[in-house]
């Protein structure tokens, strides 16, 4: 899986999609708030990835 910062357009798209904003509404948000939203989405992604990996590991043990 690719790590690092995604392209800014992808970040803008995701923020608009997740929060139901238009590009104009996103641009009107305070920078600190947008940074916090990005941090929250990143943490949620990390937790989801951990849960998926855990489920994958558990399913390997069940099959054997």
Given (1) modelled with pLDDT of 95 or more; (2) loosely packed, with under 10 Cβ neighbours inside 10 Å, number of the condition residue 21 does not satisfy: (2)
Conditions (1) surrounded by fewer than 10 Cβ atoms within 10 Å (Cβ to Cβ); (2) within 14 Å of the chain's Cα centre (by Cα); (3) modelled with pLDDT of 95 or more -> residue 33 fails only (2)
Within the stretch 43-64, the count of residues that are surrounded by fewer than 10 Cβ atoms within 10 Å (Cβ to Cβ) and within 8 Å of the chain's Cα centre (by Cα) comes to 0
With (1) more than 23 Å from residue 4 (Cβ to Cβ); (2) touching a helix residue (DSSP H, G or I) at 6+ places or on another chain (Cβ under 9 Å) as the list, and residue 37 as the residue in question, which single condition is left unmet? (1)
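The values are calculated or read from the model by the stated rules, or taken from the named source; none is laboratory data. Note that the structure is predicted; figures quoted are calculated from it, not measured. Note: ideal-geometry Cβ built from the backbone for every residue, glycine included; neighbour counts use all protein chains shown.
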